[in-house]
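Notes to accompany the following structure.
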């Protein structure tokens, strides 16, 4: 990147100097043309030699001073432009891109995700997904995924399963099986299929729903 910037500045410098030389040569030609016209219109022989030398010296002095002024002017403009380019480049390096790593932003978004799901119990909706969450939080799926990946959950589906299984466990802990079937309980938690529920329950708790229920009620050997 630094080499690219150096080459860019070098190209700009050469282009700038070429323009400066062209302008300088144009001014020089104008002065030369004016000097030539002066001695063509007026008879050089009729002009006193001392006056001729005096006029020539003053013109040359004027041309020299003008050259120094123009050179200084171009140099100042060039230096300002170079400093401006360097400043813009540094600001570009310091400003994080939209998609760059931003732990603070991700942490804030993750907290917002957890708060939203807990408050609205969104996990109970079997059609709830990362896209609908992104819309609700006025963000996008990429930011949602990145924020969740920085937490203990690897991805959105794992986080959703954690909410659902914890909800099922809460129901089982409070004796839900005495009033409801396991099919009703997992559907209430947002699962459409029993196989999906069993796999998620096993993955998160390390045991099947039946094994968990048996721990709660050792005397009840009901097969869920």
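Against the criterion of being more than 20 Å from the chain's Cα centre (by Cα), at pLDDT 95 or above and over 26 Å from residue 208 (Cβ atoms), residue 135 qualifies.
Rundown of residues vs (1) surrounded by 17 or more Cβ atoms within 10 Å (Cβ to Cβ); (2) over 18 Å from residue 200 (Cα atoms), yes/no style:
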site	(1), (2)
127	no, no
134	yes, yes
139	no, yes
147	yes, yes
152	no, no
155	no, no
160	yes, no
175	no, yes
186	yes, no
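Looking across the stretch 181-196, the residues that are over 16 Å from residue 212 (Cα atoms) and outside any helix (DSSP H, G or I) come down to 189, 190, 191, 192, 193.
Pairing residues of the stretch 196-215 that are under 16 Å from residue 163 (Cβ atoms) and not assigned by TED's automatic domain parsing to the domain that holds residue 165 with residues that are modelled with pLDDT under 95 and not in a loop (DSSP other than H, G, I, E, B), at Cβ distances under 6 Å and at least 6 apart in sequence or on separate chains, gives no pairs at all.
Scanning the stretch 168-178 for residues that are within 22 Å of residue 126 (Cα to Cα) and free of Cβ contacts under 8 Å to residues at least 12 places away in the same chain yields 170, 176.
The values are calculated or read from the model by the stated rules, or taken from the named source; none is laboratory data. Small disclaimer: the values here were computed from a predicted structure and weren't measured. All Cβ positions, glycine included, derive from the backbone under ideal geometry; neighbour counts span all protein chains shown.
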